[in-house]
Amino acid sequence: MNVQSVLHTIDGISTWVGKAAAWLILLLTAVVCVEVFKRYILNAPTAWIFDANNMLYGSLFMLCGAYTLAQNAHVRGDFLYSSMRPRTQAALDIVLYVVFFLPGIAALIYAGYDYASISWRIAEHSNVTANGPPVYHFKTVIPVAGALVMLQGLAEIIRCVVCLKTGEWPSRLKDVAEIDVIEEQLAHSEYVDEESRKLAIESAAKIDEVARQRGMGGDLNT
């Protein structure tokens with residue numbers, strides 16, 4: 001396997017885990033809707049619903065971290081970064097990864113494993129309520145998510161090394177993106193010819209217009 005294949009394989013793992021974890025949002029929505037019905041219609045609130053909501057959302061948030069990194073979608077102050085040359089970007093990234101990312105995520109994995117192992121050993125339950133739900137399975141997500149982010153971070157460091165050598169960023173597995181993000185990327189891309197850029201931006205604008213008209217139609221119908 002060449003370097004690009006290794007990078008795409010790691011991207012694929014992060015993407016698969018992130019998309020699988022994304023289904024938790026449906027479960028979380030269903031739990032909240034059922035609890036609202038029970039609490040306000042049946043007057044029978046569930047004592048441990050707060051814990052369940054925290055665990056579902058926390059698992060979703062943590063397990064999607066590697067996927068977000070694989071899509072280069074974490075928040076960054078790119079008002080200066082975007083104007084830099086690829087090699088300068090890679091040099092800055094690799095310094096930040098080594099100085100901040102690797103020690104921070106390593107500490108997260110170490111501490112998370114410690115929390116999870118103790119929680120399993122004592123069969124820990126939530127103390128928010130008298131008969132709180134078990135939390136050891138939730139705490140196990142911490143080191144697992146940390147390991148996934150670490151794996152993806154190593155892939156990003158490899159990308160930086162390749163960019164420093166070649167002057168160009170290696171490709172990454174692409175996924176869905178919002179229309180305004182696509183338009184901005186196309187408008188500033190140096191690797192897309194002018195005609196293709198115009199066609200892509202026009203297509204994105206048409207999709208945006210159709211979506212807007214559908215939204216207006218739905219408002220009028222209501």
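The values are calculated or read from the model by the stated rules, or taken from the named source; none is laboratory data. Quantities reported herein were computed from a predicted structural model and do not represent experimental measurements. Every residue, glycine as well, gets a Cβ built from its backbone with ideal geometry; the counts of neighbours run over all protein chains shown.
Go through the range 2-52 and report how many residues are farther than 16 Å from Val149 by Cβ and in contact with a Lys or Arg (Cβ under 7 Å, 6 or more places away or on another chain). Qualifying residue count, the range 2-52: 3. Filter the range 102-129 down to residues that are of a type in the set (S, T, N, Q) and either in a helix (DSSP H, G or I) or touching a Lys or Arg at 6+ places or on another chain (Cβ under 7 Å) (or both) and give me whichever is farthest from Pro170 (Cα to Cα). Ranking the candidates gives Ser119 first. Residues that are basic (Lys, Arg) and in the same structural domain as Glu156 (by TED's automatic domain parsing): find the helices (runs of 4 or more DSSP H) completely inside the range 15-101 holding 2 or more of those. Helices (runs of 4 or more DSSP H) meeting the threshold: 24-40. Within the option set Tyr67, Tyr81, Tyr40, being surrounded by 16 or more Cβ atoms within 10 Å (Cβ to Cβ) and either out of contact with any Leu (no Cβ under 6 Å at 6 or more places or on another chain) or over 30 Å from Val135 (Cα atoms) (or both) holds for one residue only, Tyr67. May I ask you to verify whether Phe50 is among the hydrophobic types (A, V, I, L, M, F, W, C) and without any contact (Cβ under 8 Å) to a residue 40 or more places away in the chain? Taking the combined requirement at face value, the residue does not satisfy it. Is there a residue in the range 127-147 that is under 15 Å from the mean Cα position of the chain (by Cα), surrounded by fewer than 17 Cβ atoms within 10 Å (Cβ to Cβ) and of a type outside the set (Val, Ile, Thr)? Yes: one or more hits.
The C-beta contact set for the range 111-128 (first residue in the same structural domain as Gly146 (by TED's automatic domain parsing), second residue among the β-branched types (Val, Ile, Thr) and assigned to a loop (DSSP other than H, G, I, E, B), distance under 6 angstrom, 6+ apart or interchain) comprises Glu124/Val135; Ser126/Val135.
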